[in-house]
Amino acid sequence: MKRVGIVGSGVIGLSTALELKLRGFDVTVITRNYEEGASWTSGGMLAPYSEGLEGDMLDFCEESLRMFDDFANKVEKIAGFNIDYRRKGIMRIGRDEEEISRIFRYAEIYKERGVNLEIYKGNDIKREEPLLSEEIKGGVLFKDEGGVDTERLMDALLFSTEKLGIRLILDEIKHIDKDGKYIKGLEGLKKNYEFDVYIITTGAWNEIIPHLPVYPVKGQLLKIKGVHLERIYFSDSVYIIPKENHILIGATSEEAGFDTRPTLGGVDQLSTMACRTVPKLKESQFVNVLVGFRPATPDEKPVFEIGENYIISTGHYRNGILLTPVTSKIIADWVDKEKSSDYFETFSPERFVR
Ligand SMILES: Cc1cc2nc3c(=O)[nH]c(=O)nc-3n(C[C@H](O)[C@H](O)[C@H](O)COP(=O)(O)OP(=O)(O)OC[C@H]3O[C@@H](n4cnc5c(N)ncnc54)[C@H](O)[C@@H]3O)c2cc1C
């Protein structure tokens with residue numbers, strides 16, 4: 001049985017490890033830090049339409065959204081606990097004329113595609129969502145969207161790896177020993193490693209894959225509690241995501257390298273816009289600020305580099321949680337059945353060279 005070595009314990013690395021272990025492979029995950037990844041500080045929204053995605057990204061994300069029920073059920077069943085996965089819809093709201101006309105324009109396009117949605121114009125939005133402020137001039141409810149609590153999802157994935165006997169090694173990989181498109185081994189800080197197949201899922205960190213144009217986009221999120229909301233509200237300036245025991249307010253988007261420090265400017269921007277959207281949030285209590293790094297690429301789309309005995313999978317940017325089921329499946333199919341995916345071609349790094 002092939003020995004598979006995965007570098008990185010974010011949502012992409014761990015879910016791929018799970019998938020391959022369930023198919024009978026001998027799997028080892030090597031990570032520098034279990035809790036460093038963007039996956040721990042994510043909004044966890046499953047929101048291809050609220051994000052306004054188009055073209056190949058929309059196809060990829062929609063395919064993953066369709067797979068999410070099975071993925072969430074599988075993880076909950078193995079871990080043995082609930083990951084607060086819900087598909088109650090996301091209300092994509094607009095504040096000014098430009099934002100409103102853009103989301104209504106997208107809604108018409110998505111409607112023709114068969115997307116399950118409801119448009120709220122003028123006073124209808126106030127009647128449907130009485131907690132929203134007068135600033136909100138309209139909205140579109142994307143009924144199949146939703147979210148998952150990513151802290152619980154990550155806990156569940158880590159717990160599942162332990163339960164299934166996936167090896168987890170705390171080490172930093174410093175260098176990939178490569179001969180063309182073939183990986184000979186990994187040089188770690190503590191020791192060196194050899195596997196039959198390698199999967200590199202290092203998120204925004206590209207020290208060991210410097211040929212790929214992946215870079216971090218810092219995001220700050222506020223965690224608050226004490227107010228109950230039913231629905232996720234998503235706008236250009238802020239999103240508000242109710243979870244079972246708290247609410248997340250997100251997110252800043254900053255090119256600030258790997259600076260993990262929260263800023264007063266970030267807190268001010270998010271809390272001001274959240275209270276301007278749902279005034280009742282002024283009564284909530286502040287819990288903390290989360291900081292994470294989205295793995296971005298120049299065209300904001302993922303990257304799959306396929307070698308003779310390896311796959312590098314990164315660049316999931318703003319949609320890595322949503323893209324987890326499809327990503328882990330196509331990687332596992334490649335390892336297991338030598339089956340290629342059209343998405344490997346679509347999201348090949350060749351596009352950056354061209
Ligand atoms: C503020 C914010 C909000 C977001 N909201 C959403 C959302 O609502 N919906 C959504 O779908 N997505 C969202 N995202 C995006 C999503 O979180 C990411 O795309 C996804 O988590 C990336 O997962 P990953 O496994 O590729 O990387 P990560 O989770 O970053 O994991 C990378 C792992 O690699 C390890 N590593 C790196 N270098 C090395 C090395 N040399 N050796 C060993 N280990 C190494 C790290 O320690 C880490 O464990 C958000 C992101 C942020 C920051």
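FYI, it's all coordinate maths here, none of it is from the lab. Quantities reported herein were computed from a predicted structural model and do not represent experimental measurements. Here Cβ is always computed from backbone atoms with ideal geometry, including for glycine, and neighbour counts include all displayed protein chains.
Restricting attention to the stretch 264-277 and to residues that are out of contact with any Asp or Glu (no Cβ under 9 Å at 6 or more places or on another chain) and surrounded by 14 or more Cβ atoms within 10 Å (Cβ to Cβ), the residue that is nearest to Ile241 (Cα to Cα) turns out to be Ala274. The strands (runs of 3 or more DSSP E) found entirely in the stretch 159-234 that carry 3 or more residues being within 13 Å of the ligand (Cβ to nearest atom), under 24 Å from Tyr317 (Cα atoms) and touching a helix residue (DSSP H, G or I) at 6+ places or on another chain (Cβ under 9 Å) are 215-225.
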